[in-house]
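The values are calculated or read from the model by the stated rules, or taken from the named source; none is laboratory data. Just so you know, these numbers come straight off a predicted model, no measurement behind them. Positions of Cβ are generated from backbone atoms using ideal geometry, with glycine treated the same way; all protein chains shown enter the neighbour counts. Accessible surface areas use protein heavy atoms only, side chains included; no ligands, DNA or RNA. Shrake-Rupley method; radii C 1.70, N 1.55, O 1.52, S 1.80 Å.
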Amino acid sequence: NNNFLNEIYENLPTESDTISMVKFTDAHVDLEYEEGSRTQCNLVMCCRKENGYNHYDRAGKWGSFGEMGCDAPERVFDSMLQYVKDEIKPDIVFWTGDICPHDIWMQNYDHASNYQKYLTDKLTLSFG
């Protein structure tokens, strides 16, 4: 007897015909993102300590715009959550999957589950 959606609708504000909603998807947060590391390497995904460092293709503090080989650092996700919470103030939040980084050589059940739990906890702390 799961009334999850019914409870969501019952708790939405009724004073307006419009509600504010946000949908999060494809977060691809990389908890091993390393600022200053190489953005180009011989793997599907770079920007980690294991990829080394140099002076011309360095991962930035807030990510590496335009570099397809890097996923988002945690601070980008945290900043986005804070902005949505403080500025958008959604009535409802939806979150659909595809959250793991593109480190395909690490993918297994535990890796995916750990990322799922970690980001679920962050969303729950932000939006209840």
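Considering only Cα atoms, the convex hull volume of the chain works out to 123 Å³ per residue.
Between the helical axis of 109-127 and the dominant principal axis of the chain, each derived from Cα atoms, what acute angle in degrees is found, rounded to the nearest 10? That helix lies at roughly 50 degrees to the long axis. Ligands, DNA and RNA left out, the 1.4 Å accessible surface of region 42-127 is 56% carbon and sulfur atoms.
For a 4.7 Å threshold on C-beta separation, the list of partnerless cysteines in the chain reads C100. With respect to the chain, whose longest principal axis is taken over its alpha-carbon atoms, helix 74-83 is tilted by about 30°. In terms of distances greater than 21 angstrom between alpha carbons, the cross-link table entries K61/K117; K49/K122; K23/K117; K49/K85; K23/K61 yield K61/K117; K49/K122; K49/K85; K23/K61. Does region 53-109 come out rounded, prolate or oblate, given a ≥ b ≥ c as the square roots of the eigenvalues of its C-alpha gyration tensor, rounded meaning a/c under 1.5 and, failing that, prolate meaning a/b above b/c? Oblate is the answer for region 53-109, as a/c is 1.5 or above yet b/c matches or exceeds a/b.
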